[in-house]
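Below is one structure, written out as structure tokens; the observations come after it.
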Amino acid sequence: MDLFHHRVPDFFAPLYLFSAALPGRRMAIWQTLNHFFYRSFFQLCRLLMPRQRWQIDPMVKAVRASVIVCNHLSYIDPILLISLFARHTTIVKARLFRIPIFGLMLRLTGYIPSAADRQLAGVMVARMETLCADLAGGANLIVFPEGTRSRDGAIGPFNAGAFKIARRCRLPIQVILIRNSQRLFTPGRFLFNTLSANTISVVAVGRIMPDYDDPAFSLSRLIHEVRERMVMAAETA
């Protein structure tokens, strides 16, 4: 099960279709529609799951024009972050881009495939040509640098992709930590665990603005610093 697979409610479908006729603004509009769709989903969760509490750090909601790196505990993590940012893009599994219609929607929304094989190389190149301008204009890039969900809550090794984009676009890194989302939607299970009391929180750990022009700048050192901050935050949770 992948929560990126969903049926758009009847209320949202006409809005997507209408905005498809506005190519100059379509990407930003579809990002905003995705944001409101998932925000509505979590508002419904608050009503239907009274034993689940949600704590969102106000500093998280204020993040703009940044590369957001976050730990990954559950399938709900990506849509939870999308629900917080109207202007955003994110990295999505490459296989989802090959799904008819749905893959086209991902491309038109400006999402980025996780791997650029022969079929998706053009998508990756085209997106990278506009990505820096979009992010500089206030959008956030949401990335889970571990590349997969953690089964035990421990922070795994980081992939370098998000940090290369941050360097290319000269953007700050915003470190965010999600807690307890796996208790609601546990890896390996296909049902929400709504019976146990739980608090899911999203916390701003820190912001790093590297000096990319410094001759001593090191991408590997930046990755190490960001991971250490996230590990420390997770261990003190």
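The values are calculated or read from the model by the stated rules, or taken from the named source; none is laboratory data. This one's a predicted model, so the numbers in the text were calculated from it and none came from an experiment. All Cβ positions, glycine included, derive from the backbone under ideal geometry; neighbour counts span all protein chains shown. These area figures cover heavy atoms from the full protein model, side chains too; ligands, DNA and RNA do not enter into them. Shrake-Rupley method; radii C 1.70, N 1.55, O 1.52, S 1.80 Å.
Side notes on the structure shown:
- The lone criterion from (1) buried (at least 19 other Cβ atoms within 10 Å of the Cβ); (2) part of a helix (DSSP H, G or I) left unmet by residue 84 is number (2).
- Given (1) in contact with a helix residue (DSSP H, G or I) (Cβ under 6 Å, 6 or more places away or on another chain); (2) open to solvent by 10 Å² or more (accessible area, probe 1.4 Å); (3) under 17 Å from residue 193 (Cβ atoms), number of the condition residue 76 does not satisfy: (2)
- Among the residues of the stretch 116-144, the one identified as open to solvent by less than 50 Å² (accessible area, probe 1.4 Å), at pLDDT below 90 and not in a helix (DSSP H, G or I) is 120.
- Conditions (1) touching a Phe, Trp or Tyr at 6+ places or on another chain (Cβ under 8 Å); (2) more than 24 Å from residue 227 (Cα to Cα); (3) aliphatic (A, V, I, L, M); number of the one not met by residue 121: (1)
- Filtered by the rule that a residue be open to solvent by 30 Å² or more (accessible area, probe 1.4 Å), in contact with a Leu (Cβ under 9 Å, 6 or more places away or on another chain) and within 12 Å of residue 135 (Cβ to Cβ), the stretch 151-176 gives a lone residue, 168.
- Residues within the stretch 105-114 that are within 16 Å of the chain's Cα centre (by Cα) and open to solvent by 20 Å² or more (accessible area, probe 1.4 Å), tallied: 2
- Looking only at the stretch 195-219, and only at residues there that are among the hydroxyl-bearing types (Ser, Thr, Tyr) and free of Cβ contacts under 8 Å to residues at least 60 places away in the same chain, the one that is surrounded by the fewest Cβ atoms within 10 Å (Cβ to Cβ): 218
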